[in-house]
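One structure below.
The values are calculated or read from the model by the stated rules, or taken from the named source; none is laboratory data. Remember, it's a predicted structure, so these values are computed and weren't measured experimentally. Cβ placement follows ideal geometry from the backbone for every residue including glycine, while neighbour counts extend to all protein chains displayed.
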Amino acid sequence: MSYNIDERGYYGEFGGAFIPEMLYPNVEELRQNYLKIMAEPSFQEEFHALLKDYVGRPSPLYFAERLSKKYNTKIYLKREDLNHTGAHKINNTIGQILMAKRLGKNRIIAETGAGQHGVATATVCALMGIECIVYMGEIDIARQAPNVARMKMLGATVVPALSGSRTLKDATNEAIRDWINNPVDTHYIIGSVVGPHPYPDMVAKFQAVVSEEIKNQLLEKEGTENPDYLIACVGGGSNAAGTYYHYLDNEDVNIIAVEAAGLGIDSGESAATSVLGKEGIIHGSKTLLMQTNDGQITEPYSISAGLDYPGVGPMHANLYKTGRAEFIAITDDEAMTAGLELSQLEGIIPAIESSHALAVFEHKKFKPEDIVVLNLSGRGDKDLQNYIDYFKL
Ligand SMILES: *Cc1c(COP(=O)(O)O)cnc(C)c1O
């Protein structure tokens with residue numbers, strides 16, 4: 001049994017492409033070409049050259065000595081926080097902008113919630129001199145002013161989504177509407193392992209550079225490619241998919257997925273999608289999502305803007321359903337405490353998303369000889385105001 005995608009675009013029973021007829025030509029063009037393009041030596045060469053010299057890869061695998069001592073186990077941090085633009089999202093947008101160019105597209109659209117994916121997209125569009133339109137909910141534009149300014153400075157047009165709850169799902173709807181209206185010249189850069197097939201697979205393959213590097217780095221440091229545990233936070237699931245990718249079918253390696261419990265699983269203010277979600281279709285993919293009894297999407301909540309997505313990628317829905325991964329839900333308070341702890345034990349201020357992953361050490365005991373690799377998905381600069389307000393700094 002494999003936990004990777006099958007020929008039909010499914011992970012177990014999850015995935016597929018549930019899209020309106022008018023979107024079919026766009027998605028089908030991508031589906032027919034993405035693997036072929038990614039396999040071209042010239043594509044791989046350009047992708048890896050940019051990852052090296054522009055993004056700053058390979059990101060270090062850092063042995064966190066003081067954190068390890070505190071929890072009496074061996075903890076390595078995969079430093080995606082050190083990437084250009086401060087998180088893993090750039091790995092995907094670099095890949096997709098090269099894909100768009102090879103498909104002959106000269107216009108890029110994207111959706112963004114907190115603005116992190118919008119910034120990563122605006123960055124690669126500036127790099128390539130390609131027009132960039134980012135859809136963002138009106139509420140999110142007001143909440144995330146610094147990222148809106150970054151996108152504008154990078155030359156992108158930020159278009160407010162004025163419908164519904166005026167947040168991420170509404171921005172996504174606007175982006176899809178745009179794509180339907182501009183099928184020939186436009187590529188839609190989706191920001192996580194979500195959306196219709198082939199997006200979850202394509203994004204996972206771009207992020208897979210993370211686990212490729214972990215294998216080499218661990219071999220060098222520990223004499224084995226295999227950690228005992230991998231830990232990553234899950235919003236849509238892209239940094240986690242990258243962390244797990246080359247280990248998915250290696251069951252010697254335990255996988256831990258961390259979701260945002262918000263104010264608590266049963267509080268009604270949560271984003272723990274796998275636990276609270278039911279099967280349904282969101283953004284073109286069959287997966288687990290938080291919904292009402294009528295099947296309407298419910299608004300998630302987390303202190304971390306990057307984790308409050310109402311669905312989860314189909315790879316992760318399958319990892320949950322099959323039990324291949326252990327899912328742990330972390331509250332706002334637990335995450336904030338873990339973020340402060342890493343800052344003071346290691347001198348690294350993590351993104352609040354990554355702080356959720358770090359809080360696992362208070363939840364689960366590891367053996368002293370266990371090798372635990374945690375993906376530090378991003379740096380905390382963007383979250384400073386949140387930390388200031390929370391800790392009254
Ligand atoms: C966006 C983001 C996430 C969540 O997205 P995934 O697709 O689940 O990885 C996690 N960490 C950081 C730093 C982010 O910016």
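Inspect all residues belonging to region 117-139 and state whether any of them is more than 16 Å from the ligand (Cβ to nearest atom), among the hydrophobic types (A, V, I, L, M, F, W, C) and either in contact with a Leu (Cβ under 7 Å, 6 or more places away or on another chain) or modelled with pLDDT under 95 (or both). Checking region 117-139: at least one residue is more than 16 Å from the ligand (Cβ to nearest atom), among the hydrophobic types (A, V, I, L, M, F, W, C) and either in contact with a Leu (Cβ under 7 Å, 6 or more places away or on another chain) or modelled with pLDDT under 95 (or both). Take Tyr11 and decide whether it is under 30 Å from Ser343 (Cβ atoms) and in contact with a Pro (Cβ under 8 Å, 6 or more places away or on another chain). The answer is no for Tyr11.
Note on region 301-325: residues that are over 16 Å from the mean Cα position of the chain (by Cα) and closer than 29 Å to Arg379 by Cβ total 4.
Does any residue of region 152-164 turn out to be over 30 Å from Val253 (Cα atoms) and modelled with pLDDT under 95?
Of all residues in region 152-164, those over 30 Å from Val253 (Cα atoms) come to 152-164.
Within this subset, residues satisfying the condition of being modelled with pLDDT under 95 are 163-164.
The answer is yes, given that some residue of region 152-164 is over 30 Å from Val253 (Cα atoms) and modelled with pLDDT under 95.
So which of Leu342, Leu393, Leu376 is among the aliphatic types (A, V, I, L, M) and within 14 Å of Ile231 (Cα to Cα)?
On the way: Leu342 fails: within 14 Å of Ile231 (Cα to Cα); Leu393 fails: within 14 Å of Ile231 (Cα to Cα).
None of the others qualify; the one that does is Leu376.
Scoring Met99 on the criteria (1) more than 16 Å from the ligand (Cβ to nearest atom); (2) in contact with a Lys or Arg (Cβ under 8 Å, 6 or more places away or on another chain); (3) farther than 22 Å from Arg150 by Cα leaves a single failure, condition (2). Of all residues in region 348-388, those that are touching a residue at least 60 places away in the same chain (Cβ under 8 Å), aromatic (Phe, Trp, Tyr) and surrounded by fewer than 21 Cβ atoms within 10 Å (Cβ to Cβ) total 1.
Of all residues in region 212-242, those that are more than 9 Å from the ligand (Cβ to nearest atom), in contact (Cβ under 8 Å) with a residue 12 or more places away in the chain, outside any strand (DSSP E or B) and in contact with a Leu (Cβ under 8 Å, 6 or more places away or on another chain) total 8.
In region 291-300, which residues are over 18 Å from the mean Cα position of the chain (by Cα) and either buried (at least 23 other Cβ atoms within 10 Å of the Cβ) or more than 21 Å from Gln144 (Cβ to Cβ) (or both)?
If we filter region 291-300 for residues that are over 18 Å from the mean Cα position of the chain (by Cα), which is where we start, we get 291-299.
Hits for region 291-300 are Gln291, Thr292, Asn293, Asp294, Gly295, Gln296, Thr298.
Only residues that are away from the ligand (no atom under 16 Å from the Cβ), hydrophobic (A, V, I, L, M, F, W, C) and not in a loop (DSSP other than H, G, I, E, B): list them for region 350-374, please. Walk me through how you get there before you give the answer.
Within region 350-374, the first condition is being away from the ligand (no atom under 16 Å from the Cβ), and the residues that meet it are 361-372.
In the following step, the residues that additionally are hydrophobic (A, V, I, L, M, F, W, C) were identified as 361, 366, 371-372.
Of everything in region 350-374, those that are away from the ligand (no atom under 16 Å from the Cβ), hydrophobic (A, V, I, L, M, F, W, C) and not in a loop (DSSP other than H, G, I, E, B) turn out to be Phe361, Ile371, Val372.
Which fully enclosed strands (runs of 3 or more DSSP E) of region 123-209 have 1 or more residues being touching a His at 6+ places or on another chain (Cβ under 9 Å) and surrounded by 24 or more Cβ atoms within 10 Å (Cβ to Cβ)?
Values: elements: 131-137, 157-161, 186-189.
In region 123-209, the matching strands (runs of 3 or more DSSP E) lie at 131-137, 186-189.
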